[in-house]
Amino acid sequence: MRNQIRKAAMVLAAALGFAAASLEAATAAAKPPAPLKERIRKELVTLPWYGVFDNLAFQVEGDRVTLLGQVSRPTLRSDAEHVVKHVSGVSSVDNRLEVLPLSGFDNQIRLAEYRAIYGFIALNRYALGAQPSIHIIVKNGNVTLEGVVASEADRNLAGLRANGVFGVFSVTNNLQVESKRS
């Protein structure tokens with residue numbers, strides 16, 4: 001009798017497990033894939049060498065993607081194109097990423113800007129997480145800030161801190177305020 005109950009319990013458990021797995025598979029199959037823009041964005045922000053001194057942006061027109069922005073490493077330009085080409089739903093990629101010139105002067109400014117912005121107590125929260133939300137682009141001594149901040153005060157403060165770095169020719173503050181972003 002006990003063996004029959006055990007066998008019945010095992011058969012019932014197996015049947016329930018199979019039913020649960022089938023339901024999970026059916027639910028996963030019925031779930032539509034993430035929109036194309038979300039999948040592209042995920043691939044770009046998870047690139048291993050994408051960092052605070054790079055600015056990756058893109059436009060999607062149907063199944064065609066245009067990569068825009070600036071990168072500090074030539075390999076990041078080709079890596080970005082490669083991962084986007086392999087996103088399902090993308091037929092072609094127009095890679096317009098600009099590779100920033102290699103310059104010791106610009107590298108010094110990058111580090112000084114990083115310290116000025118992220119070393120300041122009111123802005124250091126933007127350095128948290130896998131990808132800092134303020135990107136610092138330096139080209140021939142000219143600085144551009146890209147990204148998203150929580151308030152207009154933070155946007156202005158980042159711009160002031162960036163302007164205070166010695167050796168910088170100009171600062172363009174393209175930071176967007178989260179609530180105003182469209």
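The values are calculated or read from the model by the stated rules, or taken from the named source; none is laboratory data. The structure presented is a predicted model; accordingly, all values stated were derived computationally and were not measured. Cβ coordinates were reconstructed from backbone atoms using ideal geometry, including for glycine residues, and neighbour counts include every protein chain displayed.
Brief remarks on what is shown
- For segment 34-76, the tally of residues that are touching a residue at least 12 places away in the same chain (Cβ under 8 Å) and among the acidic types (Asp, Glu) stands at 3.
- Close Cβ contacts (under 8 Å, 6 or more residues apart or on different chains) running from residues in segment 77-102 that are over 24 Å from residue 34 (Cα atoms) to residues that are part of a helix (DSSP H, G or I) comprise 97/76; 97/77; 97/80; 97/81; 99/74; 99/77; 100/106.
- Selected residue (criterion: surrounded by the fewest Cβ atoms within 10 Å (Cβ to Cβ)) from residues of segment 101-120 that are modelled with pLDDT of 95 or more and aliphatic (A, V, I, L, M): 111
- For segment 36-85, the set of residues classified as over 24 Å from residue 104 (Cβ atoms), in a loop (DSSP other than H, G, I, E, B) and either in the same structural domain as residue 111 (by TED's automatic domain parsing) or of a type in the set (A, V, I, L, M) (or both) consists of 47 only.
- For segment 121-140, the set of residues classified as surrounded by fewer than 17 Cβ atoms within 10 Å (Cβ to Cβ) and assigned to a helix (DSSP H, G or I) consists of 124, 125, 127, listed by residue number.
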